[in-house]
Amino acid sequence: MSRLSDAFAPGSMLLGVAVPDWQEAIRAAGTGLVASGRATGVYVETMVASVETHGPYIVIAPGVALAHAAITDQVLSHGFSLARLVHPVDFGDQKVNLVFALAAQVGDSHAELMAEFANWLMLPEQINFLLNAGDEAEVRASFEVASAKIAE
Amino acid sequence: MKIVAVCGVGTGTSALLKITADKALKQIGVTATVTAASLEDAKLQRDAQIFLTTANIADELRNTPTEVIVIDRVMDVAEVAQKLGATLL
C-alpha cells in the first residue's frame with residue numbers, strides 16, 4: 001500500500017464543497033483530518049492563522065493549495081485530506097479549486113510522504129484528473145499509479 | 001553547495017520545494033544539498049548559499065547574506081530549474 005493511501009483516511013476527501021472564501025475552504029479541507037482523528041479543530045484554525053500571518057504561499061500549483069501549520073500536539077497522526085470546491089475561491093490573487101490539508105509529525109517518514117505526494121501531483125494531467133474524478137475510490141486508485149511510477 | 005528551501009513553518013511548502021529543487025538540479029546538472037526549513041530555522045543557517053522561498057516571506061530573509069530566489073509555484077520544476085540555472089550556471 002502506498003504511503004498516500006494510508007495518509008488519506010477513508011472519507012477524507014470532500015469532492016464538491018461550496019464555500020464563500022479561502023478561510024472556509026481551509027476549514028472544509030480540515031474536516032477530513034478532524035473526522036479521521038488525525039488532527040484537532042484547533043489545528044485547523046492554526047492552518048487558517050498561518051495564511052493570515054504568512055500570506056497565501058500555500059498555493060503550490062495553479063489552482064491547488066496545500067494548507068498546513070507547524071508541527072504541534074494538535075496533530076494526532078500523520079494525514080492528508082482534500083476539499084474540491086464547486087466554485088474556486090481567491091487565495092491572494094490566485095484562484096484555487098483544490099485545497100489539500102496536511103497534518104505533519106516529526107519523523108523520517110515525513111520527507112518520504114511529501115515526496116510521494118509531490119510525485120503523485122506531478123503526474124501528467126493529474127490536476128485535471130482530480131478536478132474531474134467522480135469519487136474518492138477513483139482518486140485512491142491513482143495513488144497506486146504514482147507509487148508504481150516512483151518505483152520505476 | 002547548500003541550498004535551503006524555506007516556508008513559514010517548514011513542514012509543507014518547503015518540503016515540496018525541496019523535492020522540486022532536487023529534480024530541477026538534476027535537470028541542469030548541478031550537485032547540491034537541498035534541505036527544507038522553517039523561516040526561523042533558515043535565518044540561523046549561515047552556511048547556506050541560496051534560500052529558495054515564496055514571495056510572501058522572501059522579504060523576511062533579505063537581511064541575511066544568503067542569496068534569495070523567489071519561486072512562484074513550488075511544484076513547478078521548469079521554473080525552479082530556470083531560476084537556479086540563472087544563478088548557478
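The values are calculated or read from the model by the stated rules, or taken from the named source; none is laboratory data. Quantities reported herein were computed from a predicted structural model and do not represent experimental measurements. Glycine also receives a Cβ, built like all others from the backbone with ideal geometry; neighbour counts cover every protein chain displayed. Accessible surface is based on the protein model in full, side chains and every heavy atom, while ligands, DNA and RNA are left aside. Shrake-Rupley method; radii C 1.70, N 1.55, O 1.52, S 1.80 Å.
Of note:
- Scanning the stretch A:21-33 for residues that are assigned to a helix (DSSP H, G or I) and surrounded by fewer than 20 Cβ atoms within 10 Å (Cβ to Cβ) yields A:23, A:24, A:31.
- Of all residues in the stretch B:34-63 being closer than 20 Å to residue B:86 by Cβ and surrounded by fewer than 17 Cβ atoms within 10 Å (Cβ to Cβ), the one that is nearest to the chain's Cα centre (by Cα): B:49
- Considering residues of the stretch A:104-132 that are in contact with a Lys or Arg (Cβ under 8 Å, 6 or more places away or on another chain) and modelled with pLDDT of 95 or more only, the residue least open to solvent (accessible area, probe 1.4 Å): A:130
- Qualifying residue in the stretch A:10-20 (condition: polar (S, T, N, Q), more than 13 Å from chain B (Cβ to nearest Cβ) and surrounded by 17 or more Cβ atoms within 10 Å (Cβ to Cβ)): yes
- Unique residue being under 21 Å from residue B:71 (Cβ atoms) and either away from every other protein chain (no Cβ under 14 Å) or touching a Leu at 6+ places or on another chain (Cβ under 7 Å) (or both) when the list is A:85, A:98, A:76: A:98
- Subset of the stretch A:57-69 [farther than 14 Å from residue B:14 by Cα and open to solvent by less than 10 Å² (accessible area, probe 1.4 Å)]: A:64
- Qualifying residue in the stretch A:39-56 (condition: buried (at least 18 other Cβ atoms within 10 Å of the Cβ) and within 23 Å of residue A:129 (Cβ to Cβ)): no
- Selection count where residues are away from chain B (no Cβ under 13 Å), within 14 Å of the chain's Cα centre (by Cα) and outside any loop (DSSP other than H, G, I, E, B), scope the stretch A:34-46: 2
- Within the stretch A:76-102, if we keep just the residues that are free of Cβ contacts under 8 Å to residues at least 60 places away in the same chain and part of a strand (DSSP E or B), the residue that is most open to solvent (accessible area, probe 1.4 Å) turns out to be A:95.
- Identity of the residue in the stretch B:41-77, touching a residue at least 24 places away in the same chain (Cβ under 8 Å), part of a helix (DSSP H, G or I) and more than 9 Å from chain A (Cβ to nearest Cβ), that ends up nearest to residue B:3 (Cα to Cα): B:42
- A residue that is assigned to a helix (DSSP H, G or I), within 14 Å of another protein chain (Cβ to nearest Cβ) and more than 27 Å from residue A:42 (Cα to Cα) can be found somewhere in the stretch A:127-144.
- Pair list, Cβ < 6 Å and 6+ apart or interchain, from the stretch A:47-75 residues that are assigned to a strand (DSSP E or B) to residues that are open to solvent by 10 Å² or more (accessible area, probe 1.4 Å): A:59/A:94; A:60/B:75; A:61/B:73; A:61/B:75; A:75/A:105
- Only a single item in (1) over 22 Å from residue A:104 (Cβ atoms); (2) open to solvent by less than 60 Å² (accessible area, probe 1.4 Å); (3) not in a loop (DSSP other than H, G, I, E, B) is not met by residue B:5, and it is number (1).
- Screening B:30, B:4 for residues that are touching a residue at least 40 places away in the same chain (Cβ under 8 Å), more than 14 Å from chain A (Cβ to nearest Cβ) and within 23 Å of residue A:67 (Cα to Cα) leaves exactly one candidate, B:4.
- Among (1) in contact with a Pro (Cβ under 8 Å, 6 or more places away or on another chain); (2) open to solvent by 40 Å² or more (accessible area, probe 1.4 Å) - the single one residue A:72 does not satisfy: (1)
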